[in-house]
Structures are given as C-alpha cells and as structure tokens.
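Asks: Structure in structure tokens, see below.
The values are calculated or read from the model by the stated rules, or taken from the named source; none is laboratory data. These numbers come from a predicted model, not from an experiment. Here the Cβ positions follow ideal geometry from the backbone for every residue, glycine too, while neighbour counts run over all protein chains shown.
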Ligand code: ATP
Ligand code: MG
C-alpha cells in the first residue's frame, strides 16, 4: 500500500478550555448521557426526539434508507408543521405569550403573541388558498425581516405549499433564476425596505425580475415603506394584490391538514460561496424534529423564560431553522430585528439586548469580528447581564474572535457554542453542548448526540488524533436534504460521489482532530493551500493573523508561486484607530513574524495586503476565490452573490503591499 499524505497539515494549537459553571450544568436541558444513549440505538434516540412534536398519525418506521441517498424519516407519520409551531402552544394555554418582539430599523416595534400569530397565519393560509395555491405548489418569498415573512412561510407550511425564500437584497436576476427553477406560482414581496435609514424600492426589482416569468400568476405585496418610498410602486392589474387587502379580509379560522412526514417544506438555495447556488430541498417531519431538538439542546432554551435572538436573515438557512421552525416549535419568545447592526449607531444590537433582556444570542463570526473592529467600549456601555448562552455559525470562528465574544459580550460567564452545519444538513450537526462540554475557542468539537461525523483521508480512512482531512457524515440524519430540486443526478454527484464506496456524505469542508479527538473546522477543501508540499488551511493562517492585536479580520489565499507551488497571500483589515500606523512595512513584517511564531515558518505569508474591506457573500462569508483572482492578477470572477460589489474595486485600487 502506498503511503497517503494527510489531506491537511495540522498546525495551529489551542489549549484553553472553558467548562460550564456547576449551576449551568445542573440546570441544562441536554446531559452527557445523551451521547451514549444515541450511540446505543440511534433510531430509538431520534424517535424519542420526534415525540417533541404533535403527530396526527404516528410513524411506523423511523428511517427508510433503502433508496440511499434518498432518505425517508418517520415513514407513515403525518403532521402539520405550522400547527406544531403555533396552534399547539395556544391550545396549551400560551396564547398570550409573545412569540415575536419585532424591532423595525426606523425604531417602530410590534409584539406578536402566539394567539395573534395563529390568526395571522390562518388568514394568510386562507389567502393563499384563495389564490389557487394547493399542497405541493411553490411560493417564492422575497421579503426583508418583517413579521409577514415569517407568517408567509408558516402559511405555506400550513397548507402544504413549498416556499422558496429569496434574500431581500438579491438582484432581479437572482430572484428570476430561483422563481423559474422552482416554477413558483405566487411571489410574496414588499413595496420597499429600510436599509441604513433609507427606504429602498423592492417591488420595482421584483417586477423587473418577473417580466415574462411564465409560472407566476399572482404577486402579493406587503406595504412596509409606504409614503417614505420615492415614486410610485409599479403595479400590474390582475396580477398584483396588496397583502392587507387580500389577507386582512380572510377568516382567522383555518383547519390545519396533516401531511405526510416527507411532504416537501421548502427549497432554499445555498450561499454560492463556492459556485452556482444549489436548490436544496427539505421536507417536514424529520426536519422539524431535528431543528426543535437542536434548538433545545444547543441553546438550552427554556420556553417562557428565555428571550432568544438569532441575528440571521430569513433568506438563509439559519433564519429558516433557527428563527422560524426550531424556535417556534419550542415556544420561543424571540427578537426579530429588521435592520443593519450599525443603524443608527454601532451599539444597536446591545441596545436591543438590554431593552428586551435577551438571554440567548446567535450570530456569525463576520459580525463578531466587525464588533471587535468597532471596539469593546461600545458593548461596554450597555447592560448585557441578561445573556446566558452565545452562539456562532457560518464560518470557522477564529479563537481570538471567540475569546473576544466570550469576554466582551458574555462577561466570561456565558458558554459559547460554535455550531457547524450547512443549508444541506438543515440543522446543527457539530457543536458543544453548553451545559456539558468544556468549550475550546475555535472548535465545534463533537457531533451532537444522534449525529455521526468523521475526518477521513483521501482513501476514506479515518485519520487519527492530531490528523487533518475531509469532514464526512457517515450516517443519515433526520433533517438531511432530500435532494437538489429537480436534479437528482446533481444531488448524487455533488454530495455522494467523492466517497461513494463507503456511502459517506462529503460536505466540502476540511477538518482536523486535536489530541482529545475534538473536531476543528478548517474551511473549504477547495481553499486549502499547498506550500512546498504542505497542505495548509486558510483558516489556521487567518486565525493566527486575527490573534495579533492590530488585526480585525483576515482572509488568506494560495497564489501560484514558481518556487513553492503556492505562496500564502493575506488580506487584512486593521482594528479601529490602529489602522494607519499599523499599515507600514515594519508592521507588516511584524505580522508575518507573528504568523511564523504562532504556527511555524512554513505558514509565513509571502505577501500581506492591508485592505479596507473583504469580499463577502450576502450571508457574510468571505469569498476567497475573488481574492485569489486579485492575488494572481486575473480578471475578477462571478460576483452576483457578493454583498457589495464595489468592495472589489476598493481592494484593487487601494492596495498597500509589502512587496
Ligand atoms: P455554496 O455551497 O453555494 O458554496 P455555502 O456553503 O457558503 O455556499 P451555506 O450552506 O450557507 O452555503 O454554508 C455552509 C458552509 O458554511 C459550511 O459548509 C462551512 O464551510 C461553513 N460553516 C458554517 N458553520 C460553520 C462553523 N461553525 N465552522 C466552520 N464553518 C462553518
Ligand atoms: Mg456549501
């Protein structure tokens, strides 16, 4: 047998650990014995989790994997997803509990109880039915973070229609692609949206998108910006209808029908960090089971006591699973905020935490690093003592960002949970349990009870402790994707072909085990650099850079190099006022030496460029492929899912380099 090189060299070390307090551990929802219980009988464990829900008909089989990789969970079971998220809480006497504390960007607020939510969802369900929508039909939703977005999603679920939510900031062509791909019959949108204090048109873009769209019969328009929006809202008679005209007139009585456990619930396109977005299909019973279970176990959510806030947009899977379905199934009281974190000031999030006494806060590393850049004195001005659990999702969180989050937001008291998952996995897969795990900054650590994941090499052999490789999921899980919409071939090809012999799902991410066997995510395998034969992850070099006091954010890429194969090129954003002086040649040399000291001379960047911004997707992930284009002096590639396309010009024009 030939000797296989590991898929990744394992460089960075981290030895800090933070166990939960005794009190937190004693009161936690999830306990350590769940791991053994799930290992002993995985299907029995999941069946127990499914009992969290109300089933009109109980399943007769937990899992049917006979047509792998197409799974069926809770076979024969029937349930209504919206009933589980809303009605049953009202029936259990919690109608007066606030479900949503909504905060508009301009400062207007709405508190919506479960009883009101039930009426709103019922009316919207009746409205969709009146437009001819039936179970299985697709409805596209392009809305900003307003309550109607959640109501519209639940209304679809209630009647068995399949929603496809499109991020509110996406262009007409992105919307059109998604509408056509799913053949949506109805599109739900708004007149305009508030963004950084200004009203911007939304319906106008939707109209542009839908010109000649064959499948679309009706467009429902929520009035949000009203008279604050300049110009007329374009209107197509016969096709367009105002939400308030249509929905308000409906009856609040609606009997939820029980649907098959495998009834399609939604289609959602991935972020497009690595290429063309894929239309991921999720279904009902298994999905709702796993999002409810993980929301309870990972965030330690106590219904009726906690105030929860997930800062994601409903345009991303995090918004679907951890604003809408998981939390509402668990009778959450949650904050939903419409705007950006610095409108009208950089303390907006902390002001909201203080006002609503938020106890569980779930956000993304990109935002944590932005908060670091703005400075710790901003959160210090607010009372954040209500917080008790902090979460992170979306990218690997650099250990220094994790430490900053724990210290400056969590007062060194709140457990931090780094949750790894994907649009495709539907729910959290790898994460510490806040009352069980001694947390390590920067590590997602261990698959949740019921989940199985491994780090393997090129030959699908599991690597040992200290080894790096490919992250695979070797057992099916309830909230797994059921396919790519309309393209079974692409589904098999994209996720199941790399390790087909073993039947492993390959997620696209690299990872390593540390000496304790805990998992560290190392970014996309496509981003792995090869420097003089060493396979180095971008994440580790980025984390080393971010651990330097002058650096707020870093993105690292491998650029073709005549001597080493690839050379490491780093793009860094400097922190606050440190910015100017820290950009000089000496300071850059100090950063290179710092990386060398932290992880070894092999990882020393060939070049470091100071930039004002980094290219990110609309969901906040760094798009390294565009930086690789810069580093290799190529024309910049596809930028359609970039949050701000002017960033690339800023980077190209203002480069300060050391060479
Ligand atoms: P596309 O698949 O279209 O390129 P995407 O992978 O960015 O887009 P998502 O499904 O939104 O789309 O993101 C999932 C990915 O995000 C994971 O595969 C992983 O790379 C990254 N990720 C999410 N959470 C974490 C985490 N806690 N630690 C490390 N990486 C994470
Ligand atoms: Mg992906």
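Asks: Given the conditions (1) under 22 Å from residue 454 (Cα atoms); (2) surrounded by fewer than 18 Cβ atoms within 10 Å (Cβ to Cβ), and given that residue 75 satisfies all but one, which numbered condition is not satisfied?
Replies: Among (1) under 22 Å from residue 454 (Cα atoms); (2) surrounded by fewer than 18 Cβ atoms within 10 Å (Cβ to Cβ), the lone unmet condition for residue 75 is (1).
Asks: Something else: Counting just the residues of the range 254-279 that are under 16 Å from residue 85 (Cβ atoms) and under 20 Å from the mean Cα position of the chain (by Cα), which one comes out nearest to ligand 1 (Cβ to nearest atom)?
Replies: 266
Asks: Scan the range 168-197 for residues that are in a loop (DSSP other than H, G, I, E, B) and at pLDDT 95 or above and report the count.
Replies: Of the residues in that region, 4 qualify.
Asks: All but one of (1) at pLDDT 95 or above; (2) surrounded by 13 or more Cβ atoms within 10 Å (Cβ to Cβ) hold for residue 226; which doesn't?
Replies: Result: residue 226 fails condition (2) only.
Asks: Answer with yes or no whether residue 460 is away from ligand 1 (no atom under 14 Å from the Cβ), assigned to a loop (DSSP other than H, G, I, E, B) and under 20 Å from residue 514 (Cα atoms).
Replies: Answer is yes for this residue.
Asks: Okay, next question. Please indicate, with yes or no, whether at least one residue in the range 556-573 is within 16 Å of ligand 1 (Cβ to nearest atom) and either buried (at least 17 other Cβ atoms within 10 Å of the Cβ) or on the phi > 0 side of the Ramachandran plot (or both).
Replies: yes
Asks: Here is a follow-up. Name the residues in the range 14-61 that are part of a loop (DSSP other than H, G, I, E, B) and under 24 Å from residue 72 (Cα atoms), would you?
Replies: 41, 51, 52, 53, 54, 55, 56, 58, 59, 60
Asks: Mind listing whichever residues of the range 638-651 are assigned to a loop (DSSP other than H, G, I, E, B), at pLDDT 80 or above and closer than 21 Å to residue 558 by Cβ?
Replies: None - no residue of the range 638-651 is assigned to a loop (DSSP other than H, G, I, E, B), at pLDDT 80 or above and closer than 21 Å to residue 558 by Cβ, so the list stays empty.
Asks: Does residue 450 satisfy the condition of being over 15 Å from the mean Cα position of the chain (by Cα), in a loop (DSSP other than H, G, I, E, B) and either surrounded by fewer than 22 Cβ atoms within 10 Å (Cβ to Cβ) or free of Cβ contacts under 8 Å to residues at least 40 places away in the same chain (or both)?
Replies: Here the answer is no, as residue 450 does not meet what is asked.
Asks: Now for a different question. Taking the stated definitions as given, is residue 335 touching a strand residue (DSSP E or B) at 6+ places or on another chain (Cβ under 6 Å) and either in a loop (DSSP other than H, G, I, E, B) or more than 22 Å from residue 119 (Cα to Cα) (or both)?
Replies: The answer is no for residue 335.
Asks: Got at least one residue in the range 510-519 being touching a residue at least 24 places away in the same chain (Cβ under 8 Å) and in contact with a helix residue (DSSP H, G or I) (Cβ under 6 Å, 6 or more places away or on another chain)?
Replies: Looking for residues that are touching a residue at least 24 places away in the same chain (Cβ under 8 Å) and in contact with a helix residue (DSSP H, G or I) (Cβ under 6 Å, 6 or more places away or on another chain), one finds at least one in the range 510-519, hence yes.
Asks: Restricting to the range 582-593, name every residue that is within 20 Å of residue 369 (Cα to Cα) and either at pLDDT below 90 or surrounded by fewer than 19 Cβ atoms within 10 Å (Cβ to Cβ) (or both).
Replies: 582, 583
Asks: Which one of these is more than 27 Å from the chain's Cα centre (by Cα) and either surrounded by 16 or more Cβ atoms within 10 Å (Cβ to Cβ) or more than 16 Å from ligand 1 (Cβ to nearest atom) (or both): 238, 192?
Replies: So the residue among 238, 192 that is more than 27 Å from the chain's Cα centre (by Cα) and either surrounded by 16 or more Cβ atoms within 10 Å (Cβ to Cβ) or more than 16 Å from ligand 1 (Cβ to nearest atom) (or both) is 238.
Asks: Look at residue 621 and say whether it is surrounded by 15 or more Cβ atoms within 10 Å (Cβ to Cβ) and in contact with a helix residue (DSSP H, G or I) (Cβ under 6 Å, 6 or more places away or on another chain).
Replies: When the stated conditions are applied, residue 621 does not pass them.
Asks: Additional query: Listed residues 376, 380, 460, 444; which is under 28 Å from residue 273 (Cα atoms) and surrounded by fewer than 23 Cβ atoms within 10 Å (Cβ to Cβ)?
Replies: Going through 376, 380, 460, 444 in turn, just one is under 28 Å from residue 273 (Cα atoms) and surrounded by fewer than 23 Cβ atoms within 10 Å (Cβ to Cβ): 460.
Asks: If you don't mind, another one. Which residue out of 425, 419 is farther than 18 Å from residue 20 by Cβ and either within 16 Å of the chain's Cα centre (by Cα) or within 13 Å of ligand 1 (Cβ to nearest atom) (or both)?
Replies: Going through 425, 419 in turn, just one is farther than 18 Å from residue 20 by Cβ and either within 16 Å of the chain's Cα centre (by Cα) or within 13 Å of ligand 1 (Cβ to nearest atom) (or both): 425.
Asks: Can you tell me which residue within the range 512-526, out of those that are away from ligand 2 (no atom under 14 Å from the Cβ) and under 23 Å from the mean Cα position of the chain (by Cα), is surrounded by the most Cβ atoms within 10 Å (Cβ to Cβ)?
Replies: Ranking the qualifying residues of the range 512-526, first place goes to 522.
Asks: Being under 23 Å from residue 80 (Cβ atoms), touching a residue at least 40 places away in the same chain (Cβ under 8 Å) and surrounded by 24 or more Cβ atoms within 10 Å (Cβ to Cβ) is the filter here, so list the residues in the range 290-300 that pass it.
Replies: 290, 291, 292, 293, 294 - these are the residues of the range 290-300 that are under 23 Å from residue 80 (Cβ atoms), touching a residue at least 40 places away in the same chain (Cβ under 8 Å) and surrounded by 24 or more Cβ atoms within 10 Å (Cβ to Cβ).
Asks: Hey, another quick one. Out of curiosity, is residue 402 under 21 Å from the mean Cα position of the chain (by Cα), within 10 Å of ligand 1 (Cβ to nearest atom) and surrounded by 24 or more Cβ atoms within 10 Å (Cβ to Cβ)?
Replies: Against the criterion (under 21 Å from the mean Cα position of the chain (by Cα), within 10 Å of ligand 1 (Cβ to nearest atom) and surrounded by 24 or more Cβ atoms within 10 Å (Cβ to Cβ)), residue 402 does not qualify.
Asks: When the range 280-324 is examined, which residues are found to be part of a strand (DSSP E or B), within 29 Å of residue 494 (Cα to Cα) and either at pLDDT below 95 or more than 14 Å from ligand 1 (Cβ to nearest atom) (or both)?
Replies: 283, the sole residue that qualifies.
Asks: Moving on. Read through the list (1) surrounded by fewer than 23 Cβ atoms within 10 Å (Cβ to Cβ); (2) away from ligand 1 (no atom under 14 Å from the Cβ); (3) under 29 Å from residue 568 (Cα atoms), then give the number of the only condition that residue 497 fails.
Replies: (3)
Asks: Let me ask you something else. Would it be correct to say that residue 458 is under 30 Å from residue 412 (Cα atoms) and in contact (Cβ under 8 Å) with a residue 12 or more places away in the chain?
Replies: Here the answer is no, as residue 458 does not meet what is asked.
Asks: Which residue out of 272, 279, 315, 304 is touching a residue at least 24 places away in the same chain (Cβ under 8 Å), on the phi > 0 side of the Ramachandran plot and within 16 Å of ligand 2 (Cβ to nearest atom)?
Replies: So the residue among 272, 279, 315, 304 that is touching a residue at least 24 places away in the same chain (Cβ under 8 Å), on the phi > 0 side of the Ramachandran plot and within 16 Å of ligand 2 (Cβ to nearest atom) is 272.
Asks: Now, a different point. When you look at residue 263, is it over 30 Å from residue 331 (Cβ atoms), more than 16 Å from ligand 2 (Cβ to nearest atom), in contact with a strand residue (DSSP E or B) (Cβ under 7 Å, 6 or more places away or on another chain) and in contact (Cβ under 8 Å) with a residue 12 or more places away in the chain, yes or no?
Replies: No; evaluated as a whole, the condition is false for this residue.
Asks: Being in contact with a helix residue (DSSP H, G or I) (Cβ under 7 Å, 6 or more places away or on another chain), part of a helix (DSSP H, G or I) and under 25 Å from residue 15 (Cβ atoms) is the filter here, so list the residues in the range 378-420 that pass it.
Replies: Those that are in contact with a helix residue (DSSP H, G or I) (Cβ under 7 Å, 6 or more places away or on another chain), part of a helix (DSSP H, G or I) and under 25 Å from residue 15 (Cβ atoms): 399, 400, 401, 404, 405, 408, 409.
Asks: State the number of residues belonging to the range 340-365 that are part of a loop (DSSP other than H, G, I, E, B) and either touching a strand residue (DSSP E or B) at 6+ places or on another chain (Cβ under 6 Å) or crowded, with 24+ Cβ neighbours inside 10 Å (or both).
Replies: Qualifying residue count for the region: 1.
Asks: Identify the residue in the range 513-547 that is in a strand (DSSP E or B) and away from ligand 1 (no atom under 12 Å from the Cβ) and, among all such residues, is modelled with the highest pLDDT.
Replies: Among them, the one singled out is 513.
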